[in-house]
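**Student:** After the structure tokens below, expect a handful of questions from me.
The values are calculated or read from the model by the stated rules, or taken from the named source; none is laboratory data. Just so it is clear, the model here is predicted, and its values are computed rather than measured. Here the Cβ positions follow ideal geometry from the backbone for every residue, glycine too, while neighbour counts run over all protein chains shown. Please note that ligands, DNA and RNA were not included when accessible areas were found on the heavy atoms of the full protein model with its side chains. Shrake-Rupley method; radii C 1.70, N 1.55, O 1.52, S 1.80 Å.
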Amino acid sequence: MSLTQGMKAKQLLAYYQNKADQDAREAKARGDLVCWSASVAPPEFCVTMGIAMIYPETHAAGIGARKGAMDMLEVADRKGYNIDCCSYGRVNMGYMECLKEAAITGVKPEVLVNSPAADVPLPDLVITCNNICNTLLKWYENLAAELDIPCIVIDVPFNHTMPIPEYAKAYIADQFRNAISQLEVICGKSFDWKKFKEVRDQTQRSVYHWNRIAAMAQYKPSPLNGFDLFNYMALIVACRSLDYAEITFKKFADELEENLKAGIYAFKGAEKTRFQWEGIAVWPHLGHTFKAMKGLNSIMTGTAYPALWDLHYDADDDSMHSMAEAYTRIYINTCLQNKVDVLLDIMEKGKVDGTIYHLNRSCKLMSFLNVETAEVIKEKNGLPYVSFDGDQTDPRVFSPAQFDTRVQALVEMMEANMAEAE
């Protein structure tokens, strides 16, 4: 009997998150390779080569959500990493420094013993991709330099115009082939192109069910609370090329569809307004942001951040141009007009009444154009918006009082608009 038989989606999420980390620990113990990878770098190549995967961004987010970020940030501070650097990167650098110390001395430092962080091993190589930000290049180059390990970089140019031109797809596909050649040298074996096709097929099944979940927000009332996407995101990031993600997402999508048929909704009839969240979650204060909105009977039915992993492509395209397009059309890797179009589409599908913009100190690319984006979108659909100051993992930057004041104002504007429309 399968260990997962009869599990609900939430149980599967916890099980497979733990299993992915356990896979990496066991691989390390066997002497197999472990890779630390950027979140939207293609995992398909490493999975094909049998390399265990760890995702520092997801790991840092988990540390933040478990209230353990400050310890790692302080380690990074002492090592000289500036507060203006990405807090995901600083949390990860702090964790890496602790693992290095444990490897050298044979004794875990106290800060690591007491950390709520998932236990993951040091990498044997790192792989990064600049389709979400160029900070990742310096972050992973630094990891490689500190640990004296290979660093594979996949260069994905910014798309100043849309649609994506063929020459850009061809350039990225060449980057993919170069990464494969580097992995063959690192692993000392040839790339298995038959297995690569199976891995691409698996990735597409995972993405399909991920999109099934996101599509449930279109219903009114909604059976899906959008904050759940932030929680389940761990598997679309870390396990999309494994069946771990497919199994979990299919179960969750099936549960949501059953709830919809039975008239069971996320807010149990208390849904009054619907909002879009633009930006990364505030992981150390995720509970507060959710409860504040739920207390105002406002539900998240739109968010572009989890949609970064809507990486659908033609798995039969051996030129890899389709796969290249999927990894370059990330909305924050495209021009302002396309970003606006993506957000407008999500707002329309989610039937939202307004937007919350997270002005994230850490993530400049996610926040830099938010003011202009917000104004352009408001001109197009007339819906209200508010913004708040925060950070994805540094708890010191977020003010609960400011957040509560801003979202209260948004809800009042959304309710006023709804009253006028009646």
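**Student:** Restricting attention to the range 232-250, does a residue exist that is in a helix (DSSP H, G or I), farther than 24 Å from Asp316 by Cβ, under 16 Å from the mean Cα position of the chain (by Cα) and of a type in the set (Phe, Trp, Tyr)?
**Tutor:** Yes, the range 232-250 has at least one match.
**Student:** Please state which one of Leu365, Leu383 is more than 26 Å from Lys220 (Cα to Cα), among the aliphatic types (A, V, I, L, M) and open to solvent by 10 Å² or more (accessible area, probe 1.4 Å).
**Tutor:** Leu365
**Student:** Is there any pair linking a residue in the range 201-212 that is on the phi < 0 side of the Ramachandran plot to one that is small (Gly, Ala, Ser) and in a helix (DSSP H, G or I), with Cβ under 6 Å and at least six apart or on different chains, and which?
**Tutor:** As it stands, the answer is Ser206/Ala245; His209/Ala253; Arg212/Ala253, since those pairs meet every condition given.
**Student:** Can you name the residue in the range 177-199 that is open to solvent by less than 90 Å² (accessible area, probe 1.4 Å) and in contact with a helix residue (DSSP H, G or I) (Cβ under 7 Å, 6 or more places away or on another chain) and, of all such residues, is nearest to Gly31 (Cα to Cα)?
**Tutor:** Here the answer is Leu183.
**Student:** Next question. Residue check: is Lys197 out of contact with any Leu (no Cβ under 6 Å at 6 or more places or on another chain) and farther than 30 Å from Lys251 by Cβ?
**Tutor:** no
**Student:** Right, another one. Name the one entry in Gln408, Gln337 that is polar (S, T, N, Q), over 28 Å from Pro157 (Cβ atoms) and open to solvent by 60 Å² or more (accessible area, probe 1.4 Å).
**Tutor:** Gln408
**Student:** What are the residues in the range 347-362 that are part of a helix (DSSP H, G or I), touching a Gly at 6+ places or on another chain (Cβ under 8 Å) and surrounded by fewer than 22 Cβ atoms within 10 Å (Cβ to Cβ), if any?
**Tutor:** If the condition is that a residue be part of a helix (DSSP H, G or I), touching a Gly at 6+ places or on another chain (Cβ under 8 Å) and surrounded by fewer than 22 Cβ atoms within 10 Å (Cβ to Cβ), then Lys349 is the only one that fits.
**Student:** A follow-up question, please. Which residue pairs have Cβ atoms closer than 7 Å, lie 6 or more positions apart in sequence or on different chains, and pair a first residue in the range 1-23 that is closer than 13 Å to Ile247 by Cα with a second residue that is of a type in the set (Gly, Ala, Ser) and open to solvent by less than 60 Å² (accessible area, probe 1.4 Å)?
**Tutor:** Listed pairs, sorted by first residue: Gln17/Ala234.
**Student:** Follow-up question, since we're still on this one. Would you check which residues across the range 1-14 are modelled with pLDDT of 95 or more and either crowded, with 16+ Cβ neighbours inside 10 Å or polar (S, T, N, Q) (or both) and list them?
**Tutor:** Scanning the range 1-14 gives Met7, Ala9, Gln11, Leu12, Leu13.
**Student:** Here's a follow-up. How many of the residues in the range 125-138 are open to solvent by 20 Å² or more (accessible area, probe 1.4 Å) and either in a helix (DSSP H, G or I) or in contact with a Lys or Arg (Cβ under 8 Å, 6 or more places away or on another chain) (or both)?
**Tutor:** Summing the residues that are open to solvent by 20 Å² or more (accessible area, probe 1.4 Å) and either in a helix (DSSP H, G or I) or in contact with a Lys or Arg (Cβ under 8 Å, 6 or more places away or on another chain) (or both) in the range 125-138 gives 4.
**Student:** Hey, another quick one. For the range 325-334, give me each residue that is open to solvent by less than 40 Å² (accessible area, probe 1.4 Å), part of a helix (DSSP H, G or I) and not polar (S, T, N, Q).
**Tutor:** Ala326, Tyr327, Tyr331, Ile332
**Student:** Name the single residue, out of those in the range 384-422 being assigned to a loop (DSSP other than H, G, I, E, B) and in contact with a helix residue (DSSP H, G or I) (Cβ under 7 Å, 6 or more places away or on another chain), that is nearest to Ala65 (Cα to Cα).
**Tutor:** Of everything passing the filter in the range 384-422, Thr393 is nearest to Ala65 (Cα to Cα).
**Student:** Next up: Sort out which residues of the range 89-113 are farther than 18 Å from Ala61 by Cβ, among the polar types (S, T, N, Q) and either at pLDDT below 95 or within 24 Å of the chain's Cα centre (by Cα) (or both), and write them in order of number.
**Tutor:** Across the range 89-113, there are no qualifying residues.
**Student:** Can you tell which of Asp310, Asp314 is open to solvent by 10 Å² or more (accessible area, probe 1.4 Å) and more than 20 Å from the chain's Cα centre (by Cα)?
**Tutor:** Asp314
Condition check ((1) more than 30 Å from Leu359 (Cβ to Cβ); (2) at pLDDT 95 or above; (3) surrounded by 21 or more Cβ atoms within 10 Å (Cβ to Cβ)) across all residues:
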{"residue": "Tyr244", "(1), (2), (3)": "yes, yes, yes"}
{"residue": "Glu255", "(1), (2), (3)": "yes, yes, no"}
{"residue": "Ile264", "(1), (2), (3)": "yes, yes, no"}
{"residue": "Ala270", "(1), (2), (3)": "no, no, no"}
{"residue": "Leu286", "(1), (2), (3)": "no, yes, no"}
{"residue": "Phe290", "(1), (2), (3)": "no, yes, no"}
{"residue": "Ile299", "(1), (2), (3)": "no, yes, yes"}
{"residue": "Met323", "(1), (2), (3)": "yes, yes, yes"}
